[in-house]
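Below is one structure, written out as C-alpha cells, with a few remarks after it.
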Amino acid sequence: MGSITVITGGSRGIGAATARRLARAGHDIAFGYRRDHDAAAAVLADVRAAGRRGLALPADTTDPDQVAALFDAAADLGQLTGLVNNAGITSPIGPFVDLDPDDLRRVVDVNLIGYVRCAQHAARRMGTGAAIVNVSSAAATLGSPGEYVHYAAVKAATDTLTIGLAKELAPRGIRVNAVAPGIIRTDIHAVSGVPDRADSAAGRVPLGRAGEADEVAGAIAWLLGPDASYTTGAVLRVAGGL
Ligand code: NAP
C-alpha cells in the first residue's frame, strides 16, 4: 500500500519542507494552505517532480468546510496513511499583560481547535499502520516568558493531545507523535514582529544556531515511517538543545 499523507500549512516553512521530503520518500501528498497560492504551486511542482501525486487546496484549518474538502480530496488519492498537523501561527511578541484577547482566540483556534478538527478527520479515515504527527513547539516546556506565554500554553495542549490520542488510537494500530521544534528559520517570526529572530535568538540555543525547516521535516518523516513502528505518544524535541 502506498503512503498518502495530508499536511496542513504545506505552502511554506516546516510544512513545505515536509511535503518535499515526504514526496522524495515516496508519499503522495495532499496539502492545505491559507492564501499564498504561488508558494503552494511551487511546493506542488516539487512534489510532482519527485514522481509523486500531489494536490494543494486553500484549506484554512479554522474553516470546517475547507478542512472537510481537503480530506475528501485526499481520499481520491487512496486511503489516508498520514497526517502532519502543522498549520500554526503566533501573535506579536510582547508582555503577557498586553495580550490582546483576539490574538489569544486566534492562536487557540488555529493551533488547537484546527489540530483537533484535522485529527478527527484523519482518525475516522485511517486504518492500521497509519500515523499522525502534530507539530508542537519547544515553547510548550519553556513557557516563552516575555514573548508569547499563551502560544506556549496552547502548544503544551498539543503535547497532551498527542499523548491522549496516541493511547486512544493505539488499539486501532494508529500511531500519534509530536515534534517540538525550537527556533527554526521560517517566515513565522515576521508575524511575531521579529523577522530576524532566527539569528537574533541564536545565542540562546546550545548548538549556537537556529534550525532549518528541513531538519524538522526529517524528524517528521522518521515518525511517520516504519522505523518508528514502536514509537507512539512521543514528543520529539528538535531544538538544538533548548
Ligand atoms: P510559517 O513559515 O509561517 O508557515 C505557516 C504555514 O501554515 C503556511 O503554509 C501557511 O499558509 C499555513 N497556515 C497558517 N495559518 C493557517 C491556517 N489557519 N490554515 C491553514 N494553513 C495555515 O510557519 P512555520 O514556522 O513553518 O510553522 C509551522 C509549525 O511549526 C507551526 O505549528 C508552528 O507553531 C510550529 N513551530 C515553528 C517554530 C519556528 O521557529 N518556526 C518553532 C516551533 C514550532 P499560507 O502560506 O497560505 O499563509
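Where a number appears in this text, it was derived from the coordinates with a stated rule and is not lab data. Everything quoted here is computed from the prediction, not taken from an experiment. Neighbour counts run over all protein chains shown; Cβ positions are idealised from the backbone, glycine included.
When the convex hull of its Cα atoms is viewed from all sides, the range 24-106 shows a mean projected area of 6.9 nm². The distance from the alpha carbon centre of the range 70-120 to that of the range 205-238 is 19 Å, rounded to a whole number. Backbone geometry of the range 28-44 corresponds, through the Karplus equation with coefficients 6.51, -1.76 and 1.60 at θ = phi - 60°, to 3J(HN,Hα) couplings of 7, 10, 10, 10, x, 7, 9, 8, 8, 5, 5, 4, 4, 5, 5, 5, 4 Hz, x marking Gly and Pro. Take every pair of alpha-carbon atoms less than 8 Å apart whose residues are at least six positions apart; their mean separation over the length of the range 2-112 yields a relative contact order of 30 percent.
Amide hydrogen proximity for Gly211: with H placed 1.01 Å from N in the peptide plane, the residues at 5 or more positions away or on another chain lying under 5 Å are Ile183, Ile184, Arg185. The alpha carbons of the chain occupy a box of 49, 39, 36 Å along the principal axes, longest dimension given first. With the charge dipole of the chain set up from +1 on Lys and Arg Cβ and -1 on Asp and Glu Cβ about the Cα centre, the Cα lying farthest toward the positive end among the listed residues Ala41, Ala139, Ala75 is that of Ala75.
Taking 0.36 nm per residue of separation and subtracting the Cα-Cα distance, full extension of the segment from Asp214 to Asp187 would add 8.3 nm.
Rg and Dmax of the range 88-165, based on Cα coordinates, read 13.8, 46 Å.
Taken one residue at a time, the phi angles of the range 140-155 give Karplus couplings (6.51, -1.76, 1.60, θ = phi - 60°) of 4, 10, 8, x, 6, x, x, 10, 7, 4, 5, 5, 4, 5, 5, 5 Hz. Gly and Pro are set to x. Under a 5 Å amide H cut-off, with hydrogens placed 1.01 Å from N, Arg53 pairs with Ile29 among residues at least 5 apart or on other chains.
Between Thr231 and any residue 5 or more places off or on another chain, the built amide H atoms are never under 5 Å apart.
The angle separating the long axis of helix 64-75 from the principal Cα axis of greatest extent in the chain is about 40 degrees.
Measuring nothing but how far apart in sequence close Cα pairs (under 8 Å, 6+ apart) lie, relative to its length, the chain scores a relative contact order of 20 percent. Based on the reciprocal of the average 1/r between different C-alpha atoms, the Kirkwood radius for the range 101-242 equals 15.8 Å. Compute the acute angle (0 to 90°) between the alpha-carbon long axis of helix 114-125 and the principal axis of greatest extent of the alpha-carbon atoms of the chain; round to the nearest 10°. The angle comes out at about 20 degrees. Averaged over residues, the count of other Cβ atoms within 10 Å places the peptides 53-60, 13-20 in the sequence 13-20, 53-60, highest first. Would you calculate, for the chain, the mean residue ellipticity at 222 nm contributed by helices, counting each DSSP H stretch of 4 or more residues as -39,500 (n - 2.57) and dividing by all residues, to the nearest 500? When only DSSP H runs of four or more count, the value is -12500 deg cm²/dmol.
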